[in-house]
Protein chains: 2
Amino acid sequence: MKKGHQVTMKEIAKKLGVSVSTVSRALKDSPELHADTKTRIVEMAKSMNYQYNLLAQSLRISRSKVLGVIVPELTSHFFSSNISGIQDTAYKRGYNIMICQSNESFEQEKANVRTLVSSQVDGLLISLSRETKSYEHLQELYDREIPFIMFDRVTEEIPVSKVTVDDAHGAYLVVHHLLEQGFKKIAYFSGPEDLYISKKRKEGYLEALKEFGIPEKESRVYITDLTFEMNRKITLDMLQEQDRPDAIFAMIDPLAVEVMMILKENGVRIPEDIALAGFTNNPTSAVVEPSLTTVSQPGYEMGQLAANHLLDQLDELVSDDPQTFVLLTTLVARNSTKKTPKS
Amino acid sequence: MKKGHQVTMKEIAKKLGVSVSTVSRALKDSPELHADTKTRIVEMAKSMNYQYNLLAQSLRISRSKVLGVIVPELTSHFFSSNISGIQDTAYKRGYNIMICQSNESFEQEKANVRTLVSSQVDGLLISLSRETKSYEHLQELYDREIPFIMFDRVTEEIPVSKVTVDDAHGAYLVVHHLLEQGFKKIAYFSGPEDLYISKKRKEGYLEALKEFGIPEKESRVYITDLTFEMNRKITLDMLQEQDRPDAIFAMIDPLAVEVMMILKENGVRIPEDIALAGFTNNPTSAVVEPSLTTVSQPGYEMGQLAANHLLDQLDELVSDDPQTFVLLTTLVARNSTKKTPKS
């Protein structure tokens, strides 16, 4: 992938205050536009020394009918649901998909982008790795006008369409539910603090506390690196506290299930002694005992929406202007947070 | 992908009774071979009108450093473990992987093969869909000398290397364990009868029964299409039987977990009233209550072995002659099959 600045349609659009699709249509001499608009755009393109991107053009004209997908990990139920949604949608519209996983590694993610671009996919759907903090590889895709959108793990740095779920609201829902059930001292078991979801779910947790008159200084946040050892340590330490929590909101279901096992091993009854809730709605959460209260994320629907939007852009059914879609989460109340007569 | 018969190195090898790699080395004029062996092979190649496969050659020479992987489904823990093993191995050896899923569809599998071949992968690792009963798409890969191997869901029809697990032995282990624990009337809950794993695991089930003096006519096989409705129906019907089983071996863990829920809903105690075991060792099986006895399949190791073998073939560290690797399974005994004092 070569570097070196090339003027893009996006820059022309910005200069003239029109949309990218208007520029695109003008440069293709589309009959839908007024002649003077077209002239204005073509003149600007010439003055900026715009070179019609042959690669992008050939991609658009001779399509491979393949979309590339990059996800952080395939063992996660959430990402494999995303992929099912993407694949079913793509297949209905005559496309196949090729999937790469970054294994949460920035280097692997960059290699994945190179691999899929070399394979001449028509467009990409990307969910970022945990390590990804710089975005040159995405900026390059953008500059080369290779169509892509981001989902779930996204960055605001690159102006392409994004599909996310409302993490803060989901956390708010579950903590609000715990408070409504009569639990008063609610702990938040959080992953590493720099993770986007750690922050967003903390926002929702604090918001719900505030609504019930509990100030942030009375919040109870426990941080784990999500290894089994540390999950065990924070749980056992918490059990030793004099004024210990009566409920735990764990940031993700796999953490909640591990905490459940540790509590049960230590003779703690759920929810009688301590209530417990998670976030993700993994299949496992429905079959543990007690069944786990959690937040359902529409992973399949997210994949569908992302694929449909990208294909709509490729088919020029919608403009290339970036849009952000936020999908709502829903509370799944189960036995692990049931109000008990005593509390 | 064009059709039409082309003489292959494999045919030359067969005609002369030498290995494919010997033919390959002779045609490359390798100094490792005796001059007369080389002459004999080159003469035969000429007489058979062999055309050195330019595509295969260019694939070998200018490598994309990408392997293609086709799996039936990504939501399965087993296949995502395979992929992790493949990816870690490939990455260590400087390769990236692109994954396609067939969704258990024959048509989708054929599309996946086309997509990955068009993307010029250096080789493929393929696990067949449930629907795949004819193999022209694989025969074509073979005829075009595009390197590939099969894993887990394989066919004997195509002479390439294969990596599988010993399904029959795993089933034997778990049923043997149930019999040893003192259970006498053991049911086998099987998926559709034409599935390879349904048959193989039945073999192991029958073998263990036989060892304990129970003839096949006293075996208790229940067939389900693996939908929740049918799983429920066979379980409830079984509970109504006068002489009902005292233990169930379910063909796969997800089926076992569903059966566990149904039994518990109906007040059946596990293992006191009916013992229960599965096969796969999914993470869920460790956290249900009671924890589920199962058979562990080395999914990650299988992926590692498959990737290493394919890359060894590409690097000519091993011959192209097909090999079959069978990995052993191990019993994971947990609470769902614990001997109880009464039985």
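The values are calculated or read from the model by the stated rules, or taken from the named source; none is laboratory data. Quick caveat: nothing in here was measured; it's all calculated off a predicted structure. Here Cβ is always computed from backbone atoms with ideal geometry, including for glycine, and neighbour counts include all displayed protein chains.
For the stretch A:99-120, name all the residues that are hydroxyl-bearing (S, T, Y) and part of a helix (DSSP H, G or I). Can you show your working first?
Keep residues of the stretch A:99-120 that are hydroxyl-bearing (S, T, Y), which gives A:102, A:105, A:115, A:118-119.
Selection gives A:T115, A:S118.
For (1) under 28 Å from the mean Cα position of the chain (by Cα); (2) at negative phi; (3) at pLDDT below 95, each residue gets a yes or a no:
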| position | (1), (2), (3) |
| --- | --- |
| A:E241 | no, yes, no |
| A:I248 | yes, yes, no |
| A:M251 | yes, yes, no |
| A:A256 | yes, yes, no |
| A:L263 | no, yes, no |
| A:G267 | no, no, no |
| A:I270 | no, yes, no |
| A:T294 | yes, yes, no |
Worksheet, complete the sentence: Scanning the stretch A:65-98 residue by residue, the ones that are among the acidic types (D, E) and either without any contact (Cβ under 8 Å) to a residue 40 or more places away in the chain or more than 10 Å from chain B (Cβ to nearest Cβ) (or both) total 1
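Which members of the stretch B:105-136 meet the condition of being more than 10 Å from chain A (Cβ to nearest Cβ) and charged (D, E, K, R)? Spell out the reasoning first.
Just the residues of the stretch B:105-136 that are more than 10 Å from chain A (Cβ to nearest Cβ), to begin with: B:106, B:109-110, B:113, B:117, B:122-136.
Listed by number, the residues that qualify are B:E109, B:K110, B:D122, B:R130, B:E131, B:K133, B:E136.
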Worksheet item: Somewhere in the stretch B:185-204, is a residue of a type in the set (V, I, T) and at pLDDT 95 or above?
Response: yes
Discussion item. Tell me whether the stretch A:221-229 contains one or more residues that are assigned by TED's automatic domain parsing to the domain that holds A:E289 and assigned to a helix (DSSP H, G or I).
Written reply: yes
Worksheet item: Quick check, is B:K210 in a helix (DSSP H, G or I) and within 23 Å of B:E104 (Cβ to Cβ)?
Response: no
Worksheet entry | Residues (touching a residue at least 24 places away in the same chain (Cβ under 8 Å), surrounded by fewer than 19 Cβ atoms within 10 Å (Cβ to Cβ) and either assigned to a helix (DSSP H, G or I) or aliphatic (A, V, I, L, M) (or both)) located in the stretch A:177-197 | A:L179, A:L195, A:Y196
Worksheet item: What's the number of the condition A:V117 fails, among (1) within 18 Å of B:T115 (Cβ to Cβ); (2) modelled with pLDDT of 95 or more; (3) not polar (S, T, N, Q)?
Response: (2)
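Tell me which helices (runs of 4 or more DSSP H) are completely within the stretch A:234-343 and hold 3 or more residues being farther than 27 Å from B:A286 by Cα and not assigned by TED's automatic domain parsing to the domain that holds A:S84, or say none if there are none.
On the way: elements: A:253-265, A:283-287, A:299-314.
Filter on the stretch A:234-343 gives A:299-314.
Being farther than 24 Å from B:T75 by Cα, away from chain A (no Cβ under 14 Å) and either at pLDDT 95 or above or outside any strand (DSSP E or B) (or both) is the requirement here; does B:Q139 meet it?
On the way: farther than 24 Å from B:T75 by Cα: yes; away from chain A (no Cβ under 14 Å): yes; either at pLDDT 95 or above or outside any strand (DSSP E or B) (or both): yes.
The answer is yes for B:Q139.
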